[in-house]
Amino acid sequence: VNDTRPRHIDSRARRKLADPNNRINMVHFDPNYIIYDSTTDTTYLRGRLLGKGGFARCYELLDLNSNKIYAGKIIAKTRIAKPHQRQKIVREVELHRDLKHKHVVEFHSYFEDDENVYIVLENCPRKSLVHMLKQRKVLTEPEVRCHLKQLVEAVKYVHNQNIIHRDLKLGNMLLNDHMELKIADFGLATRIGYEGEKKMTVCGTPNYIAPEVLQKRGHSFEADVWALGCVTYALLLGRPPFETSTLKETYVRITSNNYSIPQTVSQGAKSFIQKCLRHDPDQRPTVEELLSDDFFTSGFMPKSLPSTCCTNAPKFP
Ligand code: ADP
């Protein structure tokens, strides 16, 4: 167990606070809120709240040695008292820790003290696509193309590591300062042990749940492709494809593949969504195939997006 005693911390933190050359805005960091990782002898100051999840609260963490800011998922031990809850965290860490890709949130470290478990991650200060969509209502097609390309590349990498994410949703698509997309939260992910293995259940409910997952028919990588179709639909139209006022009715629509795409959506985007949302998982394209889809190869694809996109529709040439 971690030794939480702060070491010379007050003086170090206070010196940083007083240093006019420090490029970090220290206003956001509480010099009295110290987190100490004894496994690597690293001291962090806790900063702003970035978001809340099912288990975790996520805060900015300033590493006082390197002067780098990370995102720290802080999980109170009281919230993971049951063995299966703890097991879920351990699995998330186990699956996430070795992933290394430009569009997957980078795993930095994992440790605990008397009160909490900490997962320290690459910081994505521009929040998630949920926040963006709240501001914008819908995104333009070139923007969706740009986000989706990065997302599909990340999922291709994850699938190549024999991992299914199983909870690809807007809240798990984060943006860094350069507006680069990063996928986060491997809390429902699983590893495929052998070729053709089918998973029967998920511990937790994926947001964009595929029909084969819902019906417990056995699922695999195709469930992520389904979710990619839902994400694309939601970004272009501002609501998920199977949304109704009750969960029961939504599940009926998912199992009967009952959704419609308005005329406003281009043929390329429409066909991309339709392929991802095929009821039979064997009929869906692989992520590899998605990368060469017409949706990406025809139509304007911005190289990057300006941060003004978080609040206003861009004007592309
Ligand atoms: P949980 O596993 O408990 O659901 P999440 O991983 O979804 O927790 O994190 C909760 C929230 O914290 C997210 O919705 C997001 O707003 C924020 N968050 C998570 N990871 C990061 C990160 N690396 N950078 C910035 N914010 C993050």
Every pair of residues 6+ apart whose Cβ atoms lie under 7 Å, when the first sits in the stretch 31-53 and is in contact (Cβ under 8 Å) with a residue 12 or more places away in the chain and over 22 Å from residue 79 (Cβ atoms) while the second is in a strand (DSSP E or B) and within 16 Å of the ligand (Cβ to nearest atom):
40/109; 42/63; 45/62
When you scan the stretch 143-166, do you find a residue that is modelled with pLDDT of 95 or more, in a loop (DSSP other than H, G, I, E, B) and away from the ligand (no atom under 16 Å from the Cβ), even just one?
yes
Give the residues of the stretch 70-104 that are among the hydrophobic types (A, V, I, L, M, F, W, C), within 10 Å of the ligand (Cβ to nearest atom) and within 24 Å of residue 151 (Cα to Cα), sorted by residue number.
71, 89
Give me the residue from the stretch 180-195 that is crowded, with 20+ Cβ neighbours inside 10 Å and not in a strand (DSSP E or B) and, out of that set, nearest to the chain's Cα centre (by Cα).
184
Within the stretch 31-42, is there a residue that is within 11 Å of the ligand (Cβ to nearest atom) and either within 21 Å of the chain's Cα centre (by Cα) or farther than 27 Å from residue 304 by Cβ (or both)?
no
Looking only at the stretch 55-76, which residues are within 23 Å of the chain's Cα centre (by Cα), more than 18 Å from residue 124 (Cβ to Cβ) and surrounded by fewer than 16 Cβ atoms within 10 Å (Cβ to Cβ)?
76
Given the options 300, 272, name the one that is farther than 17 Å from residue 225 by Cβ and either aromatic (Phe, Trp, Tyr) or touching a helix residue (DSSP H, G or I) at 6+ places or on another chain (Cβ under 6 Å) (or both).
300
Of (1) over 17 Å from the mean Cα position of the chain (by Cα); (2) modelled with pLDDT of 95 or more; (3) within 16 Å of the ligand (Cβ to nearest atom), residue 175 satisfies all except one. Which?
(1)
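Let's see how each residue does on (1) at pLDDT below 95; (2) not charged (D, E, K, R):
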{"site": "179", "(1), (2)": "no, yes"}
{"site": "199", "(1), (2)": "no, no"}
{"site": "203", "(1), (2)": "yes, yes"}
{"site": "219", "(1), (2)": "no, yes"}
{"site": "223", "(1), (2)": "no, yes"}
{"site": "239", "(1), (2)": "no, no"}
Yes or no: the stretch 202-210 includes at least one residue that is of a type outside the set (A, V, I, L, M, F, W, C), within 16 Å of the ligand (Cβ to nearest atom), over 15 Å from the mean Cα position of the chain (by Cα) and over 18 Å from residue 50 (Cα atoms).
yes
Restricting to the stretch 90-105, count the residues that are acidic (Asp, Glu) and surrounded by fewer than 17 Cβ atoms within 10 Å (Cβ to Cβ).
2
Considering every residue within the stretch 72-79, establish whether at least one is touching a residue at least 40 places away in the same chain (Cβ under 8 Å) and in contact with a helix residue (DSSP H, G or I) (Cβ under 8 Å, 6 or more places away or on another chain).
yes
Pick from 114, 63: which is more than 10 Å from the ligand (Cβ to nearest atom) and out of contact with any Phe, Trp or Tyr (no Cβ under 8 Å at 6 or more places or on another chain)?
114
For the stretch 77-126: of the residues being acidic (Asp, Glu) and under 13 Å from the mean Cα position of the chain (by Cα), which is modelled with the lowest pLDDT?
92
Output the qualifying pairs, or none if there are none: Cβ atoms under 7 angstrom, residues six or more apart or on different chains, first residue in the stretch 155-184 and under 21 Å from residue 97 (Cβ atoms) and among the polar types (S, T, N, Q), second residue away from the ligand (no atom under 11 Å from the Cβ) and modelled with pLDDT of 95 or more.
161/99; 162/191; 162/192
Hits in the stretch 127-142 - residues which are within 14 Å of the ligand (Cβ to nearest atom) and either among the basic types (Lys, Arg) or more than 19 Å from the chain's Cα centre (by Cα) (or both)
127, 134
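The values are calculated or read from the model by the stated rules, or taken from the named source; none is laboratory data. As the structure is a computational prediction, the values presented were derived from the model and not from experiment. No Cβ is skipped: glycine too gets one built from the backbone with ideal geometry, and neighbour counts run over all protein chains shown.
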